[in-house]
Each structure stands twice: as C-alpha cells, then as structure tokens.
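The values are calculated or read from the model by the stated rules, or taken from the named source; none is laboratory data. Owing to the predicted nature of the structure, the values given are computational and were not obtained by experimental measurement. Here the Cβ positions follow ideal geometry from the backbone for every residue, glycine too, while neighbour counts run over all protein chains shown.
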Amino acid sequence: MVLTDEEGDRVTGDGSVFFALWLQKPLRIAAANPSGSRLADAVARCIDVARPGPILELGAGTGSLTQGLVRAGCSPERIIALERESVLVSVLRRQFPAMTVIAGDATRIGEYLAGSVERLAGVVSSLPIKWFPAAAQHTVVRPCLDMLGPEGRFVQLTNAFSSPLPIDRLGIAGHEVARVWRNLLPTQIWVYSDRAPSIGHGAAQ
C-alpha cells in the first residue's frame with residue numbers, strides 16, 4: 001500500500017499524538033506507539049468475521065488494529081470502538097466516520113452496550129489490562145464473554161510473556177495463540193473464552 005503525502009503526514013501525526021499520550025499516562029496507554037500492520041493482521045486472523053454481530057474493539061487508539069479488521073473483510077459499520085482518551089476518539093471518528101465510537105471507560109462496557117447489543121462476533125482488546133485491579137478486569141471481561149456466547153473469542157494483546165489476565169481467578173479459559181516479533185515492541189496475542197462446563201463431574205468411574 002502506497003500512502004499519499006497527505007495520508008503519510010496524517011499517520012505520522014496520529015503516531016505523535018499517541019506517543020505524547022503515552023508519555024503523560026503510561027499506565028493507561030498500553031504502548032508508546034500504535035500497533036504495526038503485521039500485528040494488526042495477526043489479530044484480525046484471530047477473529048471469525050463470519051460470526052453474526054458486531055466486533056468490539058477496546059482501547060482502539062488511533063485505529064491501527066481497526067485497519068487490520070477492515071483488511072480482513074469487516075466493514076467499519078460492524079465495528080464498535082471504545083476509547084477513553086478524547087484526542088484519540090477524535091482521530092477514530094475522523095478516520096472511520098461510519099464506525100460506532102464510544103468515548104468512555106472500558107469498565108463500563110456492559111452498561112454502554114446494554115439494550116443495543118445482544119451478541120458480539122468478537123472482542124479485540126489492547127487495553128493495559130494486566131495492570132487493572134482484579135475487580136476492574138472482571139467488569140471488562142465478564143460482560144464481553146456473556147455477549148460473545150459459545151465459541152466467542154476475547155482477543156488480548158500484551159508485551160508480557162505470561163497471561164495478562166488471571167485465568168483461575170476469573171474462572172475463564174485462555175492461551176497464547178501467536179507472537180509477533182516484527183513489531184516495534186514484540187507482542188503476544190492471547191485468546192480467552194468461558195470455561196467449558198465439567199462433564200460427568202462426580203460421576204462413577
């Protein structure tokens with residue numbers, strides 16, 4: 001893909017905005033720079049865009065992961081992007097005018113979607129969720145898993161080399177599905193879902 005001078009300036013400008021925010025709020029912004037295209041495409045491959053319902057993106061930033069979803073065949077109209085930082089909300093609304101952009105806190109996602117979304121096709125999160133208190137992790141993840149339903153995937157990015165979510169404490173299933181080394185910061189992709197109910201627990205062997 002070849003960018004025009006205007007588009008290149010816009011990408012550079014958006015990256016500068018992102019970096020400036022990271023310097024101010026390093027625990028609220030997951031990385032110093034937006035995700036690269038290789039990472040965005042790897043994340044998009046973890047989402048089944050053929051499933052019905054919208055795709056939710058938590059901590060959408062400047063929309064680099066959104067671009068990966070669009071390249072994978074998901075129309076912007078199907079994407080719900082949540083972003084807390086007002087300057088990044090403006091970037092998203094400019095870049096993707098057809099996309100639903102929610103300016104708010106991820107811990108209120110259940111409240112934001114109540115009554116308007118019954119089922120999600122997938123969830124992509126680049127939130128620094130590893131550093132959230134346990135109660136906040138639960139209020140983000142639980143409503144998403146409820147709306148994902150069986151076989152739904154909560155996809156989480158991390159720069160740690162272990163699960164960014166406490167699997168046992170949250171009572172969920174999760175595993176690493178990919179590592180993208182050719183990114184500005186090497187990144188792991190984890191996928192979470194509800195645990196399958198035990199079958200035959202307590203039955204005679």
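Residue count for the stretch 136-184 satisfying the condition of being acidic (Asp, Glu) and part of a helix (DSSP H, G or I): 2.
Among the candidates Thr66, Thr62, single out the residue that is in a loop (DSSP other than H, G, I, E, B), under 15 Å from the mean Cα position of the chain (by Cα) and not basic (Lys, Arg).
That would be Thr62, the only listed residue that is in a loop (DSSP other than H, G, I, E, B), under 15 Å from the mean Cα position of the chain (by Cα) and not basic (Lys, Arg).
When the residues of the stretch 77-123 are filtered to those that are acidic (Asp, Glu) and within 22 Å of Gly149 (Cα to Cα), the one that is modelled with the lowest pLDDT is Glu118. Confirm whether Gly59 is crowded, with 18+ Cβ neighbours inside 10 Å, free of Cβ contacts under 8 Å to residues at least 60 places away in the same chain, at positive phi and not basic (Lys, Arg). The answer is no for Gly59. Across the stretch 38-56, the number of residues qualifying as within 14 Å of Arg179 (Cα to Cα) and either modelled with pLDDT of 95 or more or not basic (Lys, Arg) (or both) comes to 8. Of the residues Val87, Val117, Val124, Val140, the single one that is out of contact with any His (no Cβ under 8 Å at 6 or more places or on another chain), in contact (Cβ under 8 Å) with a residue 60 or more places away in the chain and over 23 Å from Ser193 (Cα atoms) is Val87. Screening Ser163 with (1) out of contact with any Gly (no Cβ under 8 Å at 6 or more places or on another chain); (2) over 19 Å from Leu69 (Cβ atoms); (3) surrounded by 14 or more Cβ atoms within 10 Å (Cβ to Cβ); (4) not charged (D, E, K, R) gives one miss only, at (1).
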